[in-house]
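The values are calculated or read from the model by the stated rules, or taken from the named source; none is laboratory data. No experiment lies behind these values; they were computed from the predicted model shown. Neighbour counts are summed over all protein chains in view; Cβ atoms, including those assigned to glycine, are modelled from backbone coordinates with ideal geometry. These area figures cover heavy atoms from the full protein model, side chains too; ligands, DNA and RNA do not enter into them. Shrake-Rupley method; radii C 1.70, N 1.55, O 1.52, S 1.80 Å.
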Amino acid sequence: MERPKNIIQKIWEQHVVHREEGKPDLLYIDLHLVHEVTSPQAFEGLRMNGRKVRRPDLTFATMDHNVPTRQRLVIEDPISKKQIDTLQQNCEEFGIPLAHIHHPDNGIVHVIGPELGLTQPGKTIVCGDSHTSTHGAFGALAFGIGTSEVEHVLATQTLWQAPPKTMNVKVKGKLGKGVTAKDLILAIIGKFGVKFGTGYIIEYTGEAIREMSMDERMTVCNMSIEGGARAGLISPDETTFEYLRGRKHVPQGKAFEEAVTRWKSLATDEGAEYDAVVEIDATEVEPQVTWGTNPGMCIPISANVPNPEDADKANDREEIKRALEYMGLEAGQPISSVKIDHVFIGSCTNSRLSDLRKAAEIIRGKKVHPSVKAIVVPGSFSVKMAAEKEGLDKVFTDAGFEWRNAGCSMCLGMNDDLIPSGERCASTSNRNFEGRQGKGARTHLVSPEMAAAAAIAGHFVDVRTFSAQEVG
Amino acid sequence: MEPLRIHQGIVCPINRANIDTDQIIPKQFLKRIERSGFGQFLFYNWRFDDEGNPNPDFPLNQPQYKGASILVAGENFGCGSSREHAPWAVQDFGFRVIIAPSFADIFKNNTVKNGILAIQATEEQVQTIMKKAETEGYTLTINLEDQIVYDSEGFKFTFDIAPYPKEMLLNGWDEIGVTLKYEEKIAQYEQSKQLVHTK
């Protein structure tokens, strides 16, 4: 009998074009997603060498990082505009389909791939963006690449890749009420550190994962890279197939049923082994808030900000001290006492329809705290339309949130959505690095529900008891 | 890409762990459409204050590290985004070798494509180098063929590197040119598979 394989090994083996001793595998890429920031130099490289795009029909481009979210079609920054225009010219020259800012399919690359059904189980998917791991939620092998690799995929539709080590992150039990996919992935990174996944591709398994919607699975896989893993995936199941059924690029009718049969065979075999296994108990996870300058620096909402003196190693003490200083926090203060100035609900981690619905539920009929500026940036044009159809925009604007247009926005502040130096933001995005949301800006990563509750309270608050509280 | 066989240079230490790509090159400098000219923005928020004046405490601004071509840093160097602007900035500033206890995967891949050698050393070796680099003009030599790092005082260690990146760096090859030799195999693969089109 053939040795049982995990899903990562199965997808890998199906995509090896060439294998020889002393070389990585030459791996075929099924889908190449492109955006305006990490592609211009790649297209320029092709032109300089007189090369073509091998498979424009396996390539798809969008504009997201630089896109303004107030007045979508007026790009005031001339350099941003140049990057946007350059992508359009490159797509025209090389024949690549593009979801232009004007196009209804436009949005954040990791939101629209799944929406359009381009993301499918068993595919190898790359993009010049580290959050490409998001697509792993569908049982695809999806990872971020640099611009030289973008050029390589454009020219050859392949990449030289050493077979990865595989890791199983086992999530035992179910998440409690008010505890989200975002809290789970933050707790995983908090527990195992920001480099536990380096050199690995992760498969997430367990009851809590199985119970998640596709939106929630995307949130988990999205942040695999924050734990060091280039890719993180989940074996496909009925939830996956139901999400995909009827979407634009997914086979229809009988062909869909055939595809489902193929996809089912990808799931990890009983008894398959991994190079590493780690476990976390979902029942113990509380809503999380990051206090420091990387996503591993997170604590439950009930906890206090750490004291550097409690760290075992001198290097850790130094790192905690520096993070506290940057974040303007006192060692030992309760995280719930930390007042915020801004709330950002958006990004490829948490800007899908269900994220917006959950945040809206928290704030319905309430008002944003007078000292807080709050914005919602839907992940795509289609999310925005769907949310407006349900009246979510009204819920947000009535509460005092700004309702914006789709884009990456304040997750990385490449457009004009920035946090001023020294100000503090509760953000549903994925990175709390120094300066990420603006030079000197202080970012706290949380779930959409926790961000919404903080917007009303003016400080961090446990969303599980929030609705019962007196708000003011 | 310029081949890298033996490299000798001044060592500049940045004694921090988890140096992310947002620190290596902040996002406001990602809007250029060229590959060159990113060195001036390397570690921008650490190198310059709010008025744009050099921060005298940051090693890259200190005269003793002028002309350094070997960067030594703490673990998990290059974590975060996939932006190749990070290694472009490192290289454009004049660095050819980075030594750290560990590197983020995507960043490490990106270094090879740009002729930068990322050497994974032990925490102890890195701390030894950090200490030695406090002396002005401290120089290391790297012999990639033999996979050794050494100085003039007898400090020496070997390092691991996979055969493929080693070959790429030693020869300075254009990887796409290499891959296109397998064009026939790629075409065969494509014929054997059902591929989902984006159009």
Problem set entry | Among (1) over 27 Å from B:Glu34 (Cβ atoms); (2) touching a strand residue (DSSP E or B) at 6+ places or on another chain (Cβ under 9 Å), the one test that A:Lys10 misses | (2)
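To keep it simple, each residue is scored yes or no on (1) part of a strand (DSSP E or B); (2) closer than 29 Å to B:Tyr189 by Cβ.
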| position | (1), (2) |
| --- | --- |
| A:Lys170 | yes, no |
| A:Lys195 | no, no |
| A:Thr198 | no, no |
| A:Glu203 | yes, yes |
| A:Met212 | no, no |
For this session: Out of the residues in region B:43-55 that are of a type outside the set (Ser, Thr, Tyr) and outside any loop (DSSP other than H, G, I, E, B), state the one that is nearest to the other protein chains (Cβ to nearest Cβ).
Result: B:Asn45
For this session: Determine whether region A:444-453 contains at least one residue that is touching a Gly at 6+ places or on another chain (Cβ under 8 Å) and either open to solvent by 10 Å² or more (accessible area, probe 1.4 Å) or modelled with pLDDT under 95 (or both).
Result: yes
Exercise. Is there any pair with a first residue in region A:70-82 that is more than 13 Å from chain B (Cβ to nearest Cβ) and a second that is open to solvent by less than 100 Å² (accessible area, probe 1.4 Å) and β-branched (Val, Ile, Thr) whose Cβ atoms are under 9 Å apart and which are 6 or more apart or on different chains, and what are they?
Worked result: A:Arg72/A:Ile101; A:Leu73/A:Ile101
For this session: Could you please let me know if A:Thr134 is open to solvent by less than 10 Å² (accessible area, probe 1.4 Å), assigned to a helix (DSSP H, G or I), under 28 Å from A:Ala259 (Cα atoms) and more than 10 Å from chain B (Cβ to nearest Cβ)?
Result: yes
For this session: Hey, could you check region B:61-109 for residues that are within 11 Å of chain A (Cβ to nearest Cβ), open to solvent by 10 Å² or more (accessible area, probe 1.4 Å) and acidic (Asp, Glu) and say which is nearest to A:Gly144 (Cα to Cα)?
Result: B:Asp105
For this session: Tell me, please, whether a residue that is crowded, with 23+ Cβ neighbours inside 10 Å, touching a His at 6+ places or on another chain (Cβ under 9 Å), not β-branched (Val, Ile, Thr) and not in a helix (DSSP H, G or I) can be found in region A:369-378.
Result: yes
Seminar exercise, completed: Restricting region A:287-324 to residues that are modelled with pLDDT under 95 and in a loop (DSSP other than H, G, I, E, B), the one least open to solvent (accessible area, probe 1.4 Å) turns out to be A:Ala311
Problem set entry | So B:Gly67, is it part of a strand (DSSP E or B) and over 30 Å from A:Val67 (Cα atoms) | no
Exercise. Restricted to region A:68-99, and to residues that are at pLDDT below 95 and in contact with a strand residue (DSSP E or B) (Cβ under 9 Å, 6 or more places away or on another chain), which residue is least open to solvent (accessible area, probe 1.4 Å)?
Worked result: A:Thr69
Exercise. On the given criteria, is B:Glu153 touching a helix residue (DSSP H, G or I) at 6+ places or on another chain (Cβ under 6 Å) and surrounded by fewer than 16 Cβ atoms within 10 Å (Cβ to Cβ)?
Worked result: no
For this session: Examine region A:381-395 for a residue that is closer than 22 Å to A:Thr180 by Cβ and part of a strand (DSSP E or B), and state whether such a residue exists.
Result: no
Exercise. If you take the residues in region A:162-174 that are more than 30 Å from A:Glu20 (Cα to Cα) and open to solvent by 40 Å² or more (accessible area, probe 1.4 Å), which one is nearest to the other protein chains (Cβ to nearest Cβ)?
Worked result: A:Lys170
Problem set entry | Failed item in (1) surrounded by fewer than 15 Cβ atoms within 10 Å (Cβ to Cβ); (2) assigned to a helix (DSSP H, G or I); (3) in contact with a helix residue (DSSP H, G or I) (Cβ under 8 Å, 6 or more places away or on another chain); (4) within 12 Å of another protein chain (Cβ to nearest Cβ), with A:Lys52 passing the rest | (2)
Exercise. Which one is farthest from the chain's Cα centre (by Cα) among residues in region A:1-23 that are open to solvent by less than 20 Å² (accessible area, probe 1.4 Å) and closer than 16 Å to A:Thr156 by Cα?
Worked result: A:Val17
Exercise. Taking region A:394-414 as the search range and keeping residues that are in contact with a helix residue (DSSP H, G or I) (Cβ under 6 Å, 6 or more places away or on another chain) and not small (Gly, Ala, Ser), which one is surrounded by the most Cβ atoms within 10 Å (Cβ to Cβ)?
Worked result: A:Leu412
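So that you can scan it fast, the table gives a plain yes or no per residue for (1) more than 11 Å from chain A (Cβ to nearest Cβ); (2) at negative phi; (3) among the aliphatic types (A, V, I, L, M):
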{"residue": "B:Thr111", "(1), (2), (3)": "no, yes, no"}
{"residue": "B:Glu124", "(1), (2), (3)": "yes, yes, no"}
{"residue": "B:Thr128", "(1), (2), (3)": "yes, yes, no"}
{"residue": "B:Glu134", "(1), (2), (3)": "yes, yes, no"}
{"residue": "B:Tyr138", "(1), (2), (3)": "yes, yes, no"}
{"residue": "B:Thr141", "(1), (2), (3)": "yes, yes, no"}
{"residue": "B:Asp151", "(1), (2), (3)": "yes, yes, no"}
{"residue": "B:Asp160", "(1), (2), (3)": "yes, yes, no"}
{"residue": "B:Leu180", "(1), (2), (3)": "no, yes, yes"}
Exercise. So, of the residues in region B:30-42 that are open to solvent by less than 30 Å² (accessible area, probe 1.4 Å) and within 11 Å of chain A (Cβ to nearest Cβ), which turns out to be farthest from A:Ser409 (Cα to Cα)?
Worked result: B:Phe38
For this session: Please give the number of the condition A:Ile363 fails out of (1) open to solvent by 30 Å² or more (accessible area, probe 1.4 Å); (2) more than 23 Å from A:Asp64 (Cα to Cα).
Result: (1)
Problem set entry | Residue selected from region A:248-286 under the condition closer than 26 Å to A:Leu175 by Cα and among the polar types (S, T, N, Q), by the criterion surrounded by the most Cβ atoms within 10 Å (Cβ to Cβ) | A:Thr268
Problem set entry | region B:22-44 residues that are without any contact (Cβ under 8 Å) to a residue 40 or more places away in the chain and within 21 Å of A:Asp85 (Cα to Cα), paired with ones that are polar (S, T, N, Q) and assigned to a helix (DSSP H, G or I) (beta carbon under 6 Å, 6 or more apart) | B:Lys31/A:Ser80; B:Lys31/A:Gln83; B:Ile33/A:Thr86
Problem set entry | Restricting region B:78-103 to residues that are touching an Asp or Glu at 6+ places or on another chain (Cβ under 9 Å) and part of a strand (DSSP E or B), the residue that is farthest from A:Ser224 (Cα to Cα) | B:Ala100
For this session: Can you tell me which residue within region A:137-151, out of those that are within 11 Å of chain B (Cβ to nearest Cβ), open to solvent by less than 10 Å² (accessible area, probe 1.4 Å) and not hydrophobic (A, V, I, L, M, F, W, C), is farthest from B:Pro87 (Cα to Cα)?
Result: A:Gly144
For this session: From (1) within 17 Å of A:Phe381 (Cβ to Cβ); (2) in a loop (DSSP other than H, G, I, E, B), pick out the condition that doesn't hold for A:Val37.
Result: (1)
